[in-house]
Ligand SMILES: Nc1ncnc2c1ncn2[C@@H]1O[C@H](COP(=O)(O)OP(=O)(O)OP(=O)(O)O)[C@@H](O)[C@H]1O
Ligand SMILES: [Mg+2]
């Protein structure tokens, strides 16, 4: 087993599956040394529709990353999404009177208290994120270890998942030959890389706009307070283009990626886009850019308005003092931040991995890699190193073979 500080992430999305291998060296930077990307053919809206296919796609993505990094992956941190994820906030309280100082043991007791909830039998707690501690009357404590007091409270954000969905995802990853170090909700991973500390402190909403899901997270005072997964995404835009321009889904996707925009740029007016239509023997037809924007913009507004109304209803909209950060592949749609600004009446920006990375930065500096990169950071900051072994040489494989007799 290598002693080097490796972390491996697998982001299982509805559009693509990504495996990244990161290495923590002498510097603060995370060195990304391996990447594997495969089109995801077995996931819909974050959920598995064909386990065998998902497993195959994971295996291929991992293999590609392994070959590049020259290591064998044994264990990885894996993203989880889908509308089956639910979240809630909870509290725990314990008495620490007479204790000389608060230790790790008390924190564990507190966490156990906080998760003592009536969770439906078909669900399980996926992860608990501490928000803040209160020691007697002092609130906003980030880490009470070593302190003294009488009554210690913890506030936590709990994410639960359908046990069957977790089980199936586990099977798919294990069948691909990889053990799971931890499942991390996609929104936590994306936030880890696209949000900065100031935004997290002031109050910020993050939208990970994927193919089949939009994952939302709200951070304030440095912690996550609200999250949800909505069954919407880039798929709708592809569908609208296919119907509106009378073309195939694959041609629609190509057009979306190449020309997709929800605002008409200065030079765009009257510009023509070549489209192969379903009609007229697959002939190329020139479509005005204005028409593409007319198809895409109302859909973007509709989705963003639904999210805005949702956030208003749960009382979060007016807490987003630092605005909105958009990430995920669909955030590549030109002008999506502009439309979000007008719908939300808040500043919006596009978030993508950029800081603290070396190595394959050029491959991952796009919004669709926020989750995969965020998983690596989360793993390095919050979890122990994961297991990888140096690619075995021919002789060491022979040696292992003999040792196993
Ligand atoms: N340049 C682009 N312009 C517009 N849309 C794009 C572009 N690049 C990718 N997309 C769209 O982004 C979506 C994929 O985003 P992403 O890779 O974040 O999704 P995913 O993680 O695989 O899926 P999900 O999170 O929904 O399960 C697809 O709808 C894809 O067509
Ligand atoms: Mg995703």
field: Helix-derived mean residue ellipticity, 222 nm - over the chain, DSSP H n ≥ 4, -39500 (n - 2.57), to 500
entry: -10500 deg cm²/dmol
message: Could you tell me the center-to-center distance, by alpha carbons, between segment 234-301 and segment 11-79 in angstrom?
response: 31 Å
- prompt: Is the shape of the chain best called rounded, prolate or oblate, per the rule: a/c under 1.5 gives rounded, else a/b larger than b/c gives prolate, else oblate, with a ≥ b ≥ c the square roots of the Cα gyration tensor eigenvalues?
  reply: oblate
- line: Shape call for segment 1-79, from the Cα gyration tensor axes a ≥ b ≥ c (a/c under 1.5 means rounded, otherwise prolate when a/b beats b/c, else oblate), comes out prolate
message: Looking only at the chain, where both bridge partners belong to it, what percent of the DSSP beta bridges are antiparallel (to the nearest 5)?
response: 75 percent
query: What is segment 86-162's relative contact order, in percent, from Cα pairs under 8 angstrom and six or more apart in sequence?
result: 48 percent
query: For segment 86-162, what does the alpha-carbon gyration tensor say about shape, rounded, prolate or oblate, given a ≥ b ≥ c as the root eigenvalues, a/c under 1.5 as rounded, and a/b over b/c as prolate?
result: prolate
- line: A correct fewest-to-most ranking of 352, 49, 63 by other Cβ atoms within 10 Å would be 49, 63, 352
task: Name all residues of segment 318-348 having a backbone nitrogen under 19 Å from the label point set 7 Å from the Cα of residue 266 along its Cα→Cβ direction, giving them as ranges.
output: 334-336, 338-339
query: Can you give the relative contact order of segment 182-307 as a percent, counting alpha carbon pairs under 8 Å and 6+ residues apart?
result: 16 percent
message: Sequence gap at least 6, Cα distance under 8 Å: using those rules, report the relative contact order of the chain to the nearest whole percent.
response: 20 percent
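Bear in mind that the values in this text are calculations on the coordinates, not laboratory data. Just so it is clear, the structure is predicted and the values come from calculations on it, not from any experiment. A quick note on method: Cβ atoms are made from the backbone with ideal geometry, for glycine too, and the neighbour counts reach across all protein chains shown.
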